[in-house]
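Quick note: the coordinates plus some simple rules give every number you see, no bench work behind them. Predicted, not measured: the structure shown is a model, and the values here were computed from it. Every residue, glycine as well, gets a Cβ built from its backbone with ideal geometry; the counts of neighbours run over all protein chains shown.
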Ligand SMILES: Nc1ncnc2c1ncn2[C@@H]1O[C@H](COP(=O)(O)OP(=O)(O)OP(=O)(O)O)[C@@H](O)[C@H]1O
Ligand SMILES: [Mg+2]
């Protein structure tokens, strides 16, 4: 196992780069981070729409979230893969396909996290802002979202962990990421699938475990902060 | 300044306010007392439409606050509200809590807002806590910052919903002192409070509510002398000497 790692660590880390497209762990992290970042505005929009007093905003947003959450991610990957060339008139690479599918998919999940964060705030917060005379948007941007997002930081790290694992589905559309790199190594070695995929599993585990621990650490900090220490403000 | 005309309020099938009428004139201080659940909070919350009403009218400066021509957010700037739970914004410093409305609503520059906020903090004796986060302030300090936050908007009326009920006894005095100064300065106020000493000292009139009705009202002196056997008298004895 160690020997396989010694001979192929660069491939695991960055794929065929610099001789081919960048891939491996770096691309996995990049895609997970990019899709989460890109889905953020959509997730906030969906969360606010679901909490809106207006039915015409609430109902479509609710429908979108339920639909997306009721379908497996691989459906979105296939749809993006087969339909986006028809729409934009050219072939779309694996990485773009995966990021687009992930943005749609993660937006639905992240919106639920944000919605929970907003609903978890004491009602007095919006009441105090309202009583000053602040309208909906200043209240949302200056009072509600900073607190909701800060409180939801651990959940968002967990969501990042899920996203990292979900990027492995990029394998089916040849997005150059970590699982794809492992498969390439396996194709070269042919006889050691157990070791190769063992390395793959350990890599995912180490990464996700570290991030999950970080989430727990943040969580403890936040609850300590509620007990008296100043809150750390996380900007949207 | 504020007039309630036959105000009815329902939460579903529960009637919480039943035909409340009363007037608060400019510069007057009304103290609202009554048992828990009698509708005191709900009544003052109707003034800035934190609660909508189902019957009657609430007028501020002779304008029906439910009417379309009233800009409710403008009105809210003119009517300060202080909550039992302070409701400071925990992610902003004491100063930040006060400057938020000034920059967003009054269009003040950061520097001007800061200066104005420091004035208000000085009025409640908390200039040295300007940059402190609310989590590090005592209950009494939080409530004084909350009062400063309301006052910074230059309100013409202040509504207080049991501002000292969540406080440790040793901090009640500092908040009441701030309120007394405000009353002495001529502020129009409606205060829900069980601080009978405060009521005796500053109230022009005490309103006693029970089960959604305003059942007795009078100046502290009138109530003390003439109504020792009344419901209010019994209630005041129960909540203790002030
Ligand atoms: N949002 C709400 N939904 C349903 N019922 C409510 C709501 N808010 C208040 N009530 C009910 O309305 C009644 C009056 O409540 P309110 O808070 O005005 O009483 P209060 O006199 O301020 O009491 P307290 O002294 O306990 O603060 C109570 O029976 C309460 O349970
Ligand atoms: Mg109350």
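Here are the numbers for the structure shown:
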{"item": "Label zone at residue B:184, where the point sits 7 Å out along the Cα-to-Cβ direction: region B:111-139 residues whose backbone N lies under 16 Å", "result": "B:123-125"}
{"item": "Principal-axis tilt of helix B:169-184 within chain B, Cα atoms, nearest 10 degrees", "result": "90"}
{"item": "Packing rank of A:191-200, B:141-150, B:2-11, where each peptide gets the mean count of other beta carbons within 10 Å, highest leading", "result": "B:141-150, B:2-11, A:191-200"}
{"item": "Spacing of the two label points (7 Å from each Cα toward its C-beta) at residue A:83 and residue B:25, in nm", "result": "7.0"}
{"item": "For A:212, A:126, B:13, order by how many other beta-carbon atoms lie within 10 Å, fewest first", "result": "B:13, A:212, A:126"}
{"item": "Relative packing of B:174-186, B:190-202, A:9-21, which averages over residues the other C-beta atoms within 10 Å, highest first", "result": "B:190-202, B:174-186, A:9-21"}
{"item": "Gyration tensor verdict on region B:1-88 (Cα atoms; rounded if a/c is under 1.5, prolate if a/b is larger than b/c, oblate otherwise)", "result": "rounded"}
{"item": "Between helix A:24-50 and chain A: long-axis angle, C-alpha atoms, 0 to 90°, nearest 10", "result": "20"}
{"item": "Percent of beta bridges antiparallel (DSSP, the protein assembly as shown, rounded to nearest 5)", "result": "55"}
{"item": "Overall form of chain B per C-alpha gyration tensor (a/c, 1.5; a/b vs b/c)", "result": "oblate"}
{"item": "Whether region A:169-230 is rounded, prolate or oblate, judged on the alpha carbon gyration tensor where a/c under 1.5 counts as rounded", "result": "prolate"}
{"item": "Per-residue average of Cβ from other chains inside 10 Å of A:120-129", "result": "5"}
{"item": "Average beta-carbon neighbours from other chains, 10 Å sphere, peptide A:133-143", "result": "5"}
{"item": "Averaged over A:107-114, number of beta-carbon atoms from partner chains that fall within 10 Å", "result": "0"}
{"item": "Cα centroid of region A:1-72 to Cα centroid of region B:1-79, whole Å", "result": "50"}
{"item": "Separation of the residue A:17 and residue A:137 label points, Cα + 7 Å toward Cβ, nm", "result": "3.9"}
{"item": "Kirkwood estimate for chain A, i.e. one over the average of 1/r between Cα atoms, Å", "result": "19.8"}
{"item": "Ranking of B:116, A:50, B:25 by count of other Cβ atoms within 10 Å, fewest first", "result": "B:25, B:116, A:50"}
{"item": "MRE, 222 nm, helices only [DSSP H, n ≥ 4, -39500 (n - 2.57), over chain A, to nearest 500]", "result": "-25000 deg cm²/dmol"}
